[in-house]
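Report on one structure; see the data block that follows.
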Amino acid sequence: MLNVNDTPSFKTTLNGCEISSVKENVIDIRSRYNLPNNSFVLLYVGNISKNKNQEAVVNAFDLLDADLLDKTYICFLGGINISYKQEWTSLLAKSKYKSHFIECGFISKNEIHNYYSQSNGNILISVVEGFGLSIIESMSFGKPSIVDMNMDIASDINDDKIIKFVDRTSPSSIVDGIRTLLSSDWDEDYLVEQSQKFSFEQMAVRYMELLKS
């Protein structure tokens with residue numbers, strides 16, 4: 001915006017967010033939704049709407065390899081935008097894999113840790129997204145995310161040990177992201193460690209460092 005390369009007086013301090021310390025499982029999510037014990041579960045957290053772009057995953061799903069198709073389920077956590085409900089319902093009804101799309105509704109803070117800890121990963125490929133809290137929440141439970149390459153968070157977390165970036169407009173790219181996430185070994189300890197960079201405590205530390213400089 002300023003058309004200058006060097007801005008020594010400009011500092012950026014990332015906002016903090018609540019990093020969950022709840023780890024114990026109270027609810028078996030596979031049992032709750034009658035999913036196979038060996039199933040892969042991916043979360044898509046946020047109210048279901050055109051902007052959140054859950055439809056892109058539904059539309060891409062049948063491009064998955066046969067062995068993954070049978071075992072993979074997408075849990076959508078959040079309510080449905082009223083203006084989008086009819087379109088969303090129709091979209092699911094037309095999919096021959098609709099049994100693999102689980103509408104979980106709003107999940108309370110007291111329960112959501114069960115979903116993160118028992119899932120295989122998280123998806124967030126919104127058209128527009130302010131930051132992407134579910135990515136940090138997933139990290140705090142040692143889970144990776146599939147993220148659209150154009151989201152702003154790409155400039156804050158550009159790490160292929162945490163995120164698999166995809167093109168939300170390309171079904172094949174989305175499927176490649178799912179395939180990579182499910183077939184790769186992820187270092188859960190590393191993911192948990194990196195999530196701490198986005199805690200309120202670290203935000204406070206950075207502000208204090210700025211004020212002292």
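The values are calculated or read from the model by the stated rules, or taken from the named source; none is laboratory data. Computed from a prediction, not measured in an experiment: that's the story for all the values here. Using ideal geometry, Cβ is built from the backbone for each residue, glycine included, and neighbour counts are taken over all protein chains shown. Heads up: the accessible areas ignore ligands, DNA and RNA and are worked out on the full protein's heavy atoms, side chains in. Shrake-Rupley method; radii C 1.70, N 1.55, O 1.52, S 1.80 Å.
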From (1) part of a helix (DSSP H, G or I); (2) touching an Asp or Glu at 6+ places or on another chain (Cβ under 8 Å); (3) closer than 20 Å to residue 155 by Cα, pick out the condition that doesn't hold for residue 179. (3)
Select from region 25-63 the residues that are at pLDDT 95 or above and under 13 Å from residue 179 (Cα atoms) and write down the one among them that is farthest from the chain's Cα centre (by Cα). 63
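Among the residues of region 182-200, how many are open to solvent by 20 Å² or more (accessible area, probe 1.4 Å) and either in a helix (DSSP H, G or I) or aromatic (Phe, Trp, Tyr) (or both)?
12
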Among the residues of region 118-133, which ones are open to solvent by 60 Å² or more (accessible area, probe 1.4 Å) and assigned to a loop (DSSP other than H, G, I, E, B)? 127, 128, 130, 131
Do we have any residue at all in region 126-137 that's over 23 Å from residue 191 (Cα atoms) and in contact (Cβ under 8 Å) with a residue 40 or more places away in the chain? yes
Could you tell me which numbered condition residue 174 fails, if it satisfies all but one of (1) farther than 17 Å from residue 72 by Cβ; (2) touching a residue at least 12 places away in the same chain (Cβ under 8 Å); (3) part of a helix (DSSP H, G or I); (4) β-branched (Val, Ile, Thr)? (1)
Index of the failed condition, residue 143 passing every other in (1) in a loop (DSSP other than H, G, I, E, B); (2) open to solvent by 30 Å² or more (accessible area, probe 1.4 Å); (3) closer than 28 Å to residue 38 by Cβ: (2)
Answer from 93, 66 - the residue that is closer than 24 Å to residue 183 by Cα, more than 15 Å from the chain's Cα centre (by Cα) and small (Gly, Ala, Ser): 66
For residue 147, all conditions in the list (1) under 15 Å from the mean Cα position of the chain (by Cα); (2) touching a residue at least 40 places away in the same chain (Cβ under 8 Å) hold save one; what is the number of the exception? (2)
Turns out the helices (runs of 4 or more DSSP H) fully within region 1-114 with at least 3 residues that are open to solvent by 40 Å² or more (accessible area, probe 1.4 Å) are 66-71, 85-94
All but one of (1) touching a helix residue (DSSP H, G or I) at 6+ places or on another chain (Cβ under 6 Å); (2) among the hydrophobic types (A, V, I, L, M, F, W, C); (3) at pLDDT 95 or above hold for residue 181, so report the exception by its number. (1)
Would you mind finding the one in 208, 203, 151 that is touching a Ser or Thr at 6+ places or on another chain (Cβ under 8 Å) and surrounded by fewer than 17 Cβ atoms within 10 Å (Cβ to Cβ)? 203
